[in-house]
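To keep things clear, I will list the structure first and then write my remarks on it.
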Amino acid sequence: MKARIILLVTALALAAQVASAQIKIGVKGGVLINSLHLNSDIGHDLTSSDNRAGFTAGIILDARLPVVGLGIEGNALYARRATKIDEYSESLSRDYLTFPINLKYRISLPVVGKWVAPFVTTGPEFSFQINKKDESKWPGIDTNTMTCTWNVGFGVEVMSHVQIHASYGLGLTRSIKFDKDIFSDEARGKDNYWSVTAAYLF
């Protein structure tokens, strides 16, 4: 009973913080550099570092909480991740709707803090694949329609409107599986990727 009361009080306190937050909405876009982390030795021979570049674009919601420096950042983005598989001539491109949710901490700087504010971020990202893989181009490869990653990043905000942000996403769930009947091993891969984005807050 005490635990439920504590959870309820915590939830109400967080809701009050969010309700009194300063909220801005903006647009965001940038590049992704994707790589697969594979769980088997043969898996490392299947992929190449070439053709890994993708892109992302969408909207950002930035909420500054009353706690000094603390905020929450929500995103709704379209993202393309590309992977070059040596067995095939074309890169495997996967399109996603992604929803990164980050806790953000702005670092207050003396003198220039009103114009330039560095920040760090961390939080989960939920991705839902929206394109269907062409079996005729990439037989023996199965893609997961929903994946989850954990992001850690840093950036800088200029004049309270422009944000430049770099982050690394560590895959938590499987995104690709290679059929052992074709590749002689059942390799599984998780997406790990760097993203560099620019956002403008209205």
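Right, residue 52: within 21 Å of residue 195 (Cα to Cα), of a type in the set (D, E, K, R) and surrounded by 13 or more Cβ atoms within 10 Å (Cβ to Cβ) or not? Even if it seems obvious, please write down each step before you answer.
Working: within 21 Å of residue 195 (Cα to Cα): yes; of a type in the set (D, E, K, R): yes; surrounded by 13 or more Cβ atoms within 10 Å (Cβ to Cβ): yes.
It is true that residue 52 is within 21 Å of residue 195 (Cα to Cα), of a type in the set (D, E, K, R) and surrounded by 13 or more Cβ atoms within 10 Å (Cβ to Cβ).
Would you please name the residue that is surrounded by the most Cβ atoms within 10 Å (Cβ to Cβ), looking only at residues in the stretch 172-202 that are of a type in the set (Asp, Glu) and either at pLDDT 95 or above or not in a strand (DSSP E or B) (or both)?
Within the stretch 172-202, the first condition is being of a type in the set (Asp, Glu), and the residues that meet it are 179, 181, 185-186, 191.
This time we only want the ones that are either at pLDDT 95 or above or not in a strand (DSSP E or B) (or both), so: 179, 181, 185-186.
Numbers: 179: 14, 181: 8, 185: 17, 186: 14.
Only one residue tops the list, namely 185.
Of all residues being surrounded by 17 or more Cβ atoms within 10 Å (Cβ to Cβ) and hydrophobic (A, V, I, L, M, F, W, C) in the stretch 64-91, which is farthest from residue 136 (Cα to Cα)? Just the residue, please.
Once the filter is applied, the top-ranked residue is 65.
Which members of the stretch 102-122 meet the condition of being loosely packed, with under 15 Cβ neighbours inside 10 Å, within 14 Å of the chain's Cα centre (by Cα) and among the β-branched types (Val, Ile, Thr)?
Of everything in the stretch 102-122, just one residue is loosely packed, with under 15 Cβ neighbours inside 10 Å, within 14 Å of the chain's Cα centre (by Cα) and among the β-branched types (Val, Ile, Thr), namely 122.
Identify the single condition in (1) crowded, with 16+ Cβ neighbours inside 10 Å; (2) not in a loop (DSSP other than H, G, I, E, B) that residue 138 does not satisfy, given that it satisfies every other one.
Only one criterion is unmet by residue 138, namely (2).
The values are calculated or read from the model by the stated rules, or taken from the named source; none is laboratory data. Remember, predicted model here, so these are calculated numbers, not experimental data. Note: ideal-geometry Cβ built from the backbone for every residue, glycine included; neighbour counts use all protein chains shown.
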